[in-house]
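Peer 1: Structure incoming, see below.
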Amino acid sequence: MKIRVIVSIFLILLFVTGCSCAFAASTSSIPVIVKADNTCISPFSSSYNNWLNTRTYTPSENQELHGLGLIPAPVDLSGISESATWGSDAQKPAVVGYSLQRSVGNVVPVDTTITTATSSDSYDLRTTGKLTPIRNQGQDGNCWAFASMGSLESSLLPGERDDFSENNEKNLHGFNVPINVGGNDFMATAYFSRWSGPVSESLDPYSYGNSVSPSGLPVEKHVQDVLFIPTRRDPLDNDLIKSAVKQYGAVYSTLRYEASAYTPRTAAYYYSGAGVFNHAIDIVGWDDGYAAGNFNNPPPGNGAFIARNSWGSTWGEGGYFHISYYDTRIGRDNAMFTAQPTTNYARIYQYDPLGWVASFGFGTDTAYFANVFTSEGNDQVKAVGFYTASTNTEYEVKVFTNPDNGPISSSGYSSVQTGTMSLPGYHTVRLDNPVNLKVGDRFSVAVKVVSAGWTTPVAIEMPISGYSQATASSGQSYISSTGAGWTDLTVAYPNTNVCLKAFTVTGSNPVPEFKPTPVPWQKPGIYTPTLLKNYSWFSTPVKTSFQQAYVGTSPVNQTAQTIQSFIEQGTTPTKIQSFIPIPVSSVSTFRADTGNISITTSSGDKYPANVSGVQYENGKSIPIPDLVRAIVE
């Protein structure tokens, strides 16, 4: 026992001092602390360490008596050292283009790269109806709550106007940090992703100095995705932030606020130092031509973000201000908060109410992690939530029932989902093949991630003195370097869990008996069956010769689909093509999510055909009744 205590204290000291042994997968890899079993924990961010050395547990305010309140997160996503030269030639992350599907909250890769996301020289959310009224945090240290809630509210506009409670978020964040002193986007993500909020402002209104909120208030939205936009590498590395603002809304960001860096006559801000981050705001637009002469201390060039503050509408330009592209602290820590209706899932399974507080790995860019849960109802596992630490992280999610070897079942997995997450953050992956459960069933979710250049790719919740009072039990979370042998995480790190959630809907839905129902179809035209039910594959056998036949999909918010067609079995899939007159042929297409399937024929078609949908699972063909129809003249 004494030895374990000494080792734990030693590890904490290593975290704080930043002593490390590096596995340098690339020049941008973060140093890691390595234990004897080759498991690694990434040290705290330098910003958090600097805060530890200067922290006070009283609300922070500036010389103007406005509240600040940013506490840098322990997690380091900078990819390069804070001491790296600003404006250096450090390699920027190549990011696969992303599209956030609002209806399902899924990050869907597309075949573009966000490098010139917008050609606009200027853009301002104030003119688009995507901002709620300016708020006022008073002298309390709650900027982080206002910035995160402002981003969330903006993402829902203009279609839905909400006023969520910052009071509830900052009072019930659940961390060891005293209330009204400060927080960060990781704390906000933990509060949202565990479904503690958001709640309505009317049920828990903001009050200066207040530290009590009622528990059990109805949650208005489910936050299933939070995107962590990578750090700017130089003053003009702004395309990702601009793209997020234009496509989705206000972006949470952080800065170092000093009154001397603010120009009141133009509501302009430019800080050129290396001080600790102390304030969170929302970026709501930009102006590439904003003149350097608008600042009392002119920056090296033109251009500025438009930012939204939480100091009331009498400050700045109605509560807004410009912040120079050349500011050395803006855009280093960025987040985009999004939300879905609470009807998306009925139940959440989780062991990480405090979310991502440290990063774990095996010294390589590949790691496996899993959680074992017990079903609380006759449910269906529909989705899985987890964090990714780097750009373009490849993942493989598997769901097992009745695990008998740690988190793995000897009978094999019940569902699998693969893909790539283009941006770091918290993500929810919907399963194309949901898994049915009964009350009391044990089930597990296992995830493999590959994060190039990142040696600690697994998000974990663990105790950190003065920050997170995490707890964990054996038999909950497991880790593996290969996916073959698994270790209970609490053996190596007591009171530590992986950040991995499962989402279910109430009631099981077994596949009903396959009974085709003929329906008439006037040709030429488009035949649209009912909505797909999240199956990953379907096929449409064409029983007679067609001059031409196409299969397409129409999912929400996704402009491009790769259509694969098969001419007889065993041939190589290709993109859309015409069918040649052969006795039997079929078309298959990969489904990313829900949508309608459309069969289109040309005016010259003269032959009837049967169209049916088939799901392929573990080598077996299972009919999908929704897609079964007969096509007749």
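Peer 1: Can you give the relative contact order of the stretch 112-222 as a percent, counting alpha carbon pairs under 8 Å and 6+ residues apart?
Peer 2: Once normalised by length, the contact order is 26 percent.
Peer 1: Still on this structure, I have one more. Whole-Hz Karplus ³J(HN,Hα) for the stretch 408-425, in order, using 6.51 cos²θ - 1.76 cosθ + 1.60 and θ = phi - 60°, x for Gly and Pro?
Peer 2: Those phi angles translate into 9, 9, 5, 8, x, 7, 9, 7, 9, 9, 10, x, 9, 9, 6, 10, x, x Hz.
Peer 1: Checking the table 221/398; 448/501; 398/501; 130/242 against a 18 Å threshold on Cα-Cα, which pairs fail?
Peer 2: 221/398
Peer 1: If packing is taken as the mean number of other Cβ atoms within 10 Å per residue, what is the order of 209-221, 138-150, 246-258, 307-319, highest first?
Peer 2: The packing order, highest mean first, is 138-150, 246-258, 307-319, 209-221.
Peer 1: Show me the ranking of peptides 259-267, 444-452 by mean Cβ neighbours inside 10 Å, starting with the highest.
Peer 2: In decreasing order of mean packing, 259-267, 444-452 become 444-452, 259-267.
Peer 1: How much FRET efficiency would the formula 1/(1 + (r/R0)^6) give for residue 263 and residue 160, where r is the Cβ-Cβ distance and R0 is 30 Å, rounded to 0.05?
Peer 2: Rounded to the nearest 0.05, the efficiency is 0.25.
Peer 1: Quick one: what are the phi-derived ³J(HN,Hα) couplings along the stretch 334-347, Karplus 6.51/-1.76/1.60 with θ = phi - 60°, whole Hz, x for glycine and proline?
Peer 2: For the stretch 334-347, the Karplus-derived couplings read 10, 8, 10, 9, 10, 8, 10, x, 6, 7, 5, 9, 9, 9 Hz, x marking Gly and Pro.
Peer 1: Let me ask another. 5 Å is the cut-off here: which amide hydrogens, built 1.01 Å from N in the peptide plane, fall below it relative to residue 363, excluding neighbours closer than 5 in sequence?
Peer 2: 40
Peer 1: While we're on this one: Taking a ≥ b ≥ c as the square roots of the Cα gyration tensor eigenvalues, with a/c under 1.5 meaning rounded and otherwise prolate when a/b beats b/c, else oblate, which class fits the stretch 138-221?
Peer 2: Cα axes put the stretch 138-221 in the rounded bin.
Peer 1: Take every Cα pair under 8 Å in the stretch 433-500 that's 6+ residues apart, average their separations, divide by the length, and report that relative contact order as a whole percent.
Peer 2: Taking the mean separation of contacting Cα pairs over the length of the stretch 433-500, I get 29 percent.
Peer 1: Taking a ≥ b ≥ c as the square roots of the Cα gyration tensor eigenvalues, with a/c under 1.5 meaning rounded and otherwise prolate when a/b beats b/c, else oblate, which class fits the stretch 178-229?
Peer 2: Oblate, because a/c is 1.5 or more while a/b does not exceed b/c.
Peer 1: Is the shape of the stretch 305-390 best called rounded, prolate or oblate, per the rule: a/c under 1.5 gives rounded, else a/b larger than b/c gives prolate, else oblate, with a ≥ b ≥ c the square roots of the Cα gyration tensor eigenvalues?
Peer 2: oblate
Peer 1: Another one. Keeping every protein chain in place, order 131, 152 by accessible area at 1.4 Å, biggest value first, i.e. largest first.
Peer 2: Highest to lowest solvent-accessible surface, that is 131, 152.
Peer 1: Using only the Cα atoms of the stretch 263-408, construct the convex hull and provide its projected area averaged over every direction, in square nanometres to one decimal.
Peer 2: 13.8
The values are calculated or read from the model by the stated rules, or taken from the named source; none is laboratory data. Everything quoted here is computed from the prediction, not taken from an experiment. Positions of Cβ are backbone-derived with ideal geometry, glycine not excepted, and every protein chain shown enters the neighbour counts. Surface areas here come from the heavy atoms of the whole protein model, side chains and all, with no ligands, DNA or RNA. Shrake-Rupley method; radii C 1.70, N 1.55, O 1.52, S 1.80 Å.
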